Amino acid sequence: MDSAGIAGNDIMKTAVELLEIPSPTGCTAEVMEYIAAYLDERRIRYERTRKGAILAEVPGVDDEQRRLVTAHVDTLGAMIKEIKGDGTLKLSLVGSSVWNHLEGAYCTILSEGRRFTGTILMRQTAVHVYKDAAEAKRDDSSMEVRVDAKVASKEDAEKLGLGVGDFVAFDPRVQVTEEGFLKSRHLDDKASAAVLLHWLDAYGGQDQKLPHTTYFLFSNREETGQGGSSNVSPRVVEYVAVDMGALGDGQAGDECSVSICAKDSSGPYDLRLRRHLVRLAQEQKIPYHVDIYPYYGSDASSALTAGHDVIHGLMGPGIAASHAFERTHQESLEASAALLHAYLFSPLCTTDAAAM
């Protein structure tokens, strides 16, 4: 079975819809409802985990040796750490953002029962007032949120309902260009989640069974390292995270191919599975690159750290400027979808002599 049923423009549309939903780690109920509704409409069987993730299941010929593929829909974000005396907000970051990438970003404050907009700024932003505006260090003591409300004091902010612990979502600024690029924050990892959803849309309800029963985990705590390390059935033999390919100096990957990870900061991924993915890409003429991500971890590596006895792998679309002003191309989404499809209809890597 080929992957012609998964179109890049359809994946792009779903990715945009996911990106427009605020979902910082710890505040993901809205995006999980989107996924649940998507699966309900297509009559895909799933369950919700206690952590709030969604675990869908597609039956296969072999029900004993199963696979699990995952993408996460939680994103970088922040929480209100303190309301300052003048009504501005001090933040505590959720996930590994860099303050320099957040300066000037618009944001949404997710208070109970109401949402507020704001802008993340350095305290000394005004160049006509602060001599050191250009050189001042950007860190959690100098950066703050200017709320789009008439507040001049802590009391004013509290009267509006703002409080410590409220989540702050960074606005994605989604753009799709005529040249096929998708620009947005949080392509890590909503681009991959869109790939999984569209595979389920195209093939999840078909009569032809996969070789192995497969779980599709939409995790919601990956950015803090707690996403895919639970809810792994003892029957799962292979665990593949579909997550961004990190691009930059010294990296082989690009925005128009699928990236296959050989190693990240947690250590090497399983050699058998990596070679299996490479062979599938070569056979199907799918554009791919193999890379090492020096400062990176995935739900698959988290599962290994948690002690699960699985063969783990990592693949996904090439994403430029990770955790900042991210960008990928429709061709990368298509390549990722094609490799995912080829993998799901392939034998286990342990039964494939060519992968050894």
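The values are calculated or read from the model by the stated rules, or taken from the named source; none is laboratory data. Everything numeric in this text was worked out from a predicted model, so none of it was measured. Reconstructed Cβ throughout: ideal geometry from the backbone, glycine too, with neighbour counts over all protein chains shown.
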- For the range 53-86, what are the residues that are touching a Pro at 6+ places or on another chain (Cβ under 6 Å) and more than 19 Å from T213 (Cα to Cα)? T75, G77
- Message: Test of understanding: among D270, D309, D264, D352, which residue is of a type in the set (D, E, K, R) and at pLDDT below 95?
- Response: D352
- Note on the structure: Being within 30 Å of D148 (Cβ to Cβ) and over 14 Å from the mean Cα position of the chain (by Cα) narrows E20, E33 down to just E33
- Exactly one of (1) assigned to a helix (DSSP H, G or I); (2) of a type in the set (S, T, N, Q); (3) in contact with a Pro (Cβ under 8 Å, 6 or more places away or on another chain) is unmet by T350. Its number? (3)
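Restricting attention to strands (runs of 3 or more DSSP E) lying wholly within the range 1-114, give those where 1 or more residues are closer than 25 Å to D139 by Cβ and in contact with a Leu (Cβ under 8 Å, 6 or more places away or on another chain). Please lay out each step first, then the result.
On the way: elements: 46-48, 54-58, 60-72, 77-83, 89-94, 106-111.
Counting at least 1 such residues, we get 77-83, 89-94, 106-111.
This table checks each residue for (1) crowded, with 19+ Cβ neighbours inside 10 Å; (2) modelled with pLDDT under 95; (3) of a type in the set (K, R); (4) more than 29 Å from V240 (Cβ to Cβ).
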residue	(1), (2), (3), (4)
K51	no, yes, yes, no
T75	yes, no, no, no
K84	no, no, yes, yes
L91	yes, no, no, yes
V94	yes, no, no, no
T108	no, no, no, yes
R114	no, yes, yes, yes
G118	yes, no, no, yes
R123	no, yes, yes, yes
- Tell me, yes or no, whether the range 214-222 has at least one residue that is of a type in the set (G, A, S), assigned by TED's automatic domain parsing to the domain that holds I44 and within 10 Å of the chain's Cα centre (by Cα). yes
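Mind listing whichever residues of the range 237-254 are touching a Leu at 6+ places or on another chain (Cβ under 8 Å) and either crowded, with 22+ Cβ neighbours inside 10 Å or among the polar types (S, T, N, Q) (or both)?
Passing the criteria: E238, Y239, V240, A241, V242, D243, M244, G253.
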- Identify, by number, the condition in (1) without any contact (Cβ under 8 Å) to a residue 24 or more places away in the chain; (2) within 30 Å of S336 (Cβ to Cβ) that M122 doesn't meet. (2)
